[in-house]
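Reading through the structure tokens given below for one structure.
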Amino acid sequence: MDVDVVVIGAGQAGLSASYHLLRKDADFVVLDANDGPGGAWRHRWDSLTLGETHRVHDLPGLPLGEPDPSLPASQVVADYYDRFERQYDVPVRRPVHVARVTSHGELLHVETDHGTWRTRVLLNATGTWDRPHWPYYPGRERFLGRQLHTHDFVSVEDLAGKRVVVVGGGTSAVQFLLQLAPFATTTWVTRRPVEFVERRFDAEWGRQVEQRVAERVRQGLPSGSVISNTGLPLTPAYQRGIDDGILVARPMFTSIEEYGVRFADGSFVEADVILWATGFRASLDHLAPLHLREPGGGIKVEGTTVLRDPRVQLVGYGPSASTLGATRAGRAAALAATRYLGELAAA
Ligand code: FAD
């Protein structure tokens with residue numbers, strides 16, 4: 001199967017890119033591993049309502065509108081992307097899982113569980129959801145209770161009556177703690193002291209975070225995500241959580257034992273569950289055969305174009321790993337891809 005551009009991933013980044021590729025009349029296909037529309041959002045837990053998110057930015061050409069903020073974000077976003085795919089007749093093929101991408105002369109081979117696509121340009125928009133980050137602590141394998149990651153969280157009811165240690169200093173951890181507190185006994189642990197900031201999460205804050213992440217990418221370092229860099233705005237609900245002792249973090253434990261976790265001062269907290277709200281990494285394993293990484297572990301990009309291989313565009317990576325950033329980067333990548341194809345045709 002030959003095509004000018006393969007887009008991998010039909011999340012915010014891949015759909016934004018698709019809109020601009022369609023406008024340029026590009027010959028492309030979108031390969032998506034999910035069973036239906038929604039990108040990573042379709043896997044998020046039901047109690048993550050739209051109102052609890054940092055905001056889902058509009059895709060180009062179709063505003064999200066003002067859905068009921070009490071609805072699960074998973075449902076709202078899946079419906080929204082579905083409408084978008086239908087309205088623009090986006091050529092999505094799913095479920096198609098890309099196993100690896102290899103280089104053959106001028107072409108890239110995108111090898112999947114449904115055959116191989118040969119392409120000139122790859123627009124990678126695979127997000128982070130499939131790469132949950134589990135930091136290692138000694139004794140992890142000895143724990144006799146249950147361990148799960150944000151990636152696997154389904155509902156608070158699932159953990160009712162349990163003693164839960166929540167690990168991580170981000171928004172997900174805080175939201176889990178507040179939701180769990182009425183039903184479970186919680187202990188919060190974080191690697192660094194938690195700083196709540198008396199400021200609304202607004203556009204200016206978003207820009208500052210993006211700049212910080214962009215600087216790491218420029219240096220060829222692993223980016224961290226925009227969302228993991230946003231810090232914690234001190235909302236009234238969070239303030240109540242602090243006052244009630246729910247949002248008071250202990251320093252990270254030093255080891256895990258059969259029935260709980262041990263701290264540096266020797267103290268021990270019994271636990272039935274360890275909930276790792278420890279973030280995600282860019283989901284890029286399928287690109288390993290292209291050797292795009294720098295010695296620092298990151299991938300250097302100019303705009304969205306990978307410096308080591310300009311046939312590859314990365315969107316939703318580093319500073320564009322938010323719905324706003326992914327929307328902008330999708331446009332930039334689509335334009336860079338069509339420009340590159342134009343140069344090839346002219347050569
Ligand atoms: P995704 O939505 O992850 O889409 C990637 C797609 O690629 C998926 O459909 C996946 O199936 C597919 N894919 C992956 N690997 C392959 C493969 N090998 N082969 C084929 N297909 C593949 N951002 C915000 O702006 N606001 C928020 O409130 C917000 N909340 C968040 C909450 C959590 C818990 C997390 C983890 C992230 C949050 N983010 C938020 C960040 C958010 O994920 C991004 O903003 C954005 O939705 C990511 O879009 P994407 O298109 O890059 O990736």
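The values are calculated or read from the model by the stated rules, or taken from the named source; none is laboratory data. In this text, all values refer to a predicted model and were calculated from it rather than measured experimentally. Positions of Cβ are generated from backbone atoms using ideal geometry, with glycine treated the same way; all protein chains shown enter the neighbour counts. Note: accessible area is taken over every heavy atom of the protein model, side chains too, but ligands, DNA and RNA are not part of it. Shrake-Rupley method; radii C 1.70, N 1.55, O 1.52, S 1.80 Å.
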Next item on the list: Report, in debye and to the nearest 20, how large the dipole of segment 231-300 comes out about its Cα centre when Lys and Arg carry +1 and Asp and Glu carry -1 on their Cβ.
Entry: 460
Item checked: Relative contact order [Cα under 8 Å, 6+ residues apart], segment 1-150, whole percent -> 32
Margin query: Suppose the chain between residue 309 and residue 347 were pulled fully straight at 0.36 nm per residue; how much longer would it get relative to their current alpha carbon spacing?
Written below: 11.9 nm
Item checked: For segment 12-73 and segment 234-296, distance of Cα centres in Å -> 27
Notebook entry, point to check: About its Cα centre, what dipole magnitude does the chain give when the only charges are +1 on Lys and Arg Cβ and -1 on Asp and Glu Cβ, stated in debye to the nearest 20?
Noted result: 800
Margin query: What percentages make up the Cα-Cα pair-distance distribution of segment 18-134 when the bins are 5 Å wide from 0?
Written below: 2, 10, 17, 20, 19, 15, 9, 5, 2, 1, 0
Notebook entry, point to check: What shape does segment 300-346 take by its C-alpha gyration tensor, where a ≥ b ≥ c are the square roots of the eigenvalues and a/c under 1.5 counts as rounded, a/b above b/c as prolate, and the rest as oblate?
Noted result: oblate
Next item on the list: Starting from the exponent 0.38 and prefactor 2.2 Å, build the expected Rg for segment 161-218 from its residue count and divide its actual Cα Rg by it.
Entry: 1.47
Notebook entry, point to check: If you take the beta carbon distance between residue 144 and residue 203 as r and set R0 to 41 Å, what does 1/(1 + (r/R0)^6) give as a FRET efficiency, to the nearest 0.05?
Noted result: 0.30
Notebook entry, point to check: What does a probe at residue 263 reach in segment 146-187, counting residues whose amide N is under 20 Å from the point 7 Å along Cα→Cβ?
Noted result: 163-170, 173-174, 177-178, 181, 184-187
Check: In the chain, what % of DSSP beta bridges are antiparallel (nearest 5)?
Finding: 40
Next item on the list: Note down the relative contact order for the chain as a percent, whole number, built from C-alpha pairs under 8 angstrom at least six residues apart.
Entry: 24
Notebook entry, point to check: Pairing the Cα long axis of helix 73-88 with the longest principal axis of the chain, what angle in degrees results, from 0 to 90 and rounded to the nearest 10?
Noted result: 10
Checklist line | Farthest positive-ward along segment 205-300 dipole, Cα basis, beta-carbon charges - from 245, 278, 214 | finding: 214
Check: Rounded to the nearest 0.05, what FRET efficiency is calculated for residue 235 and residue 191 with R0 set to 30 Å and r the Cβ-Cβ distance?
Finding: 0.85
Note to self: Given axes a ≥ b ≥ c from the Cα gyration tensor, I'd like to know whether segment 172-306 is rounded (a/c under 1.5), prolate (a/b larger than b/c) or oblate.
What the structure shows: oblate
Checklist line | Cα-based helix-to-principal-axis angle, 203-218 vs the chain, degrees rounded to 10 | finding: 70
Notebook entry, point to check: Expressed as a whole percentage, what fraction of the accessible surface of the chain belongs to carbon and sulfur atoms when a 1.4 Å probe is rolled over the protein heavy atoms?
Noted result: 49
Next item on the list: In Å and from the alpha-carbon atoms only, list the Rg and Dmax of the chain.
Entry: 21.2, 69
